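Just so it is clear, none of the values below were taken in a lab; they were calculated from the coordinates. Quick caveat: nothing in here was measured; it's all calculated off a predicted structure. Heads up, the Cβs are rebuilt from the backbone with ideal geometry, glycines too, and the neighbour counts pull from every protein chain shown.
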Amino acid sequence: MEQNINPATYREIVFFTGAGMSAESGVPTYRGKGGIWGSYSIDEYACQEAFDRNPEKVLGFHEKRRKSVLDCQPHEGHSVVAVLPNAKVVTQNIDGMHQRAGSKDVIELHGSLWRLRCQSCGFRKEDLAESYETTRCDCGDRLRPDIIWFGDMLDAVVMSKASQAIRNCDLFVSIGTSGTVWPAAGFPDLAKQSGAYCIEINPEPSGASEYDRVIVGNAGEVLPELFSES
Ligand code: OAD
């Protein structure tokens, strides 16, 4: 590779990841060929109104996604990120793949497939099995997937942690995101404004002007090479 990165020369690294990070593990992306939103309508499966109309259908979709993600394994790129001591992950992904690879510091902007939340009392429940153990809260109301659906507000505490991590980093590596969904789409600009060196890894780069270096390629191939010692 043109120029490898020595992680020890950076104080703090933020890996900002999107669906493309999990693509080589077999988890489909949202947009483009084979993308989830090409087969499933957002209005029917990924908004509060859909859940209110037909909770069983929406829960069934999410259970199906849980099963398919459990059949996938983190790849070498996830492992490269997981072993760096000075790295944080800010991810738009809900699949938990970074944690399965061993990353400890993961900020999940869009929630998690592996948590449920009560719409009434706010109770949150971790649930890691293929099928939901229960979708009823002790308070009597339904539990819904703890995911940011279209029209939902992002969690203010999570947003603040993510922004702080990005403001503090001196290396920002964006991987596998189309950069179309806000407010996450503003993070490369925040990193640049805060003085970080910004890299994008994507087989189809976003074209955003914030990046100092754009590497055209797949996460699972580029990351091990970029962070190798030779
Ligand atoms: P997208 O599906 O919009 O974009 C996936 C990106 O990954 C594209 O830019 C691809 O070129 C790139 N890509 C594909 N294979 C790759 C590989 N092997 N290595 C690296 N990059 C690869 O996914 P996101 O940008 O993550 O939100 O989408 C953002 C949000 O939109 C998601 O979090 C989700 C979705 O609607 C919610 O559900 C709230």
Note to self: surrounded by fewer than 21 Cβ atoms within 10 Å (Cβ to Cβ), of a type in the set (S, T, N, Q), in contact with a Leu (Cβ under 9 Å, 6 or more places away or on another chain) and over 27 Å from Thr9 (Cα atoms): is that true of Thr134 in this structure?
What the structure shows: yes
Check: Tell me, which residue of region 83-116 that is of a type in the set (Gly, Ala, Ser) and either surrounded by 20 or more Cβ atoms within 10 Å (Cβ to Cβ) or under 13 Å from the mean Cα position of the chain (by Cα) (or both) is farthest from Gln164 (Cα to Cα)?
Finding: Ala101
Check: Is there a residue being over 24 Å from Gly186 (Cβ atoms), outside any helix (DSSP H, G or I), touching a residue at least 40 places away in the same chain (Cβ under 8 Å) and in contact with an Asp or Glu (Cβ under 6 Å, 6 or more places away or on another chain) anywhere in region 12-34?
Finding: yes
Check: What are the residues in region 102-119 that are part of a loop (DSSP other than H, G, I, E, B) and among the basic types (Lys, Arg), if any?
Finding: Lys104
Next item on the list: Of all residues in region 175-207, count the ones that are under 21 Å from Lys33 (Cα atoms) and in contact with a helix residue (DSSP H, G or I) (Cβ under 9 Å, 6 or more places away or on another chain).
Entry: 11
Check: Going through region 35-49 one residue at a time, which ones are free of Cβ contacts under 8 Å to residues at least 24 places away in the same chain and either at positive phi or away from the ligand (no atom under 11 Å from the Cβ) (or both)?
Finding: Ser39, Ser41, Asp43, Glu44
Notebook entry, point to check: Within region 209-230, which residues are assigned to a loop (DSSP other than H, G, I, E, B), touching a strand residue (DSSP E or B) at 6+ places or on another chain (Cβ under 7 Å) and surrounded by fewer than 20 Cβ atoms within 10 Å (Cβ to Cβ)?
Noted result: Glu210, Asp212, Gly217
Checklist line | Filter result (touching a Cys at 6+ places or on another chain (Cβ under 9 Å) and touching a residue at least 60 places away in the same chain (Cβ under 8 Å)) within region 88-118 | finding: Lys88, Asp95, Met97
Note to self: Give all pairs with beta carbons closer than 6 Å in which a residue from region 167-180 that is without any contact (Cβ under 8 Å) to a residue 60 or more places away in the chain meets a residue that is away from the ligand (no atom under 16 Å from the Cβ) and in a loop (DSSP other than H, G, I, E, B); count only pairs at least 6 apart in sequence or on separate chains.
What the structure shows: Arg167/Ser194
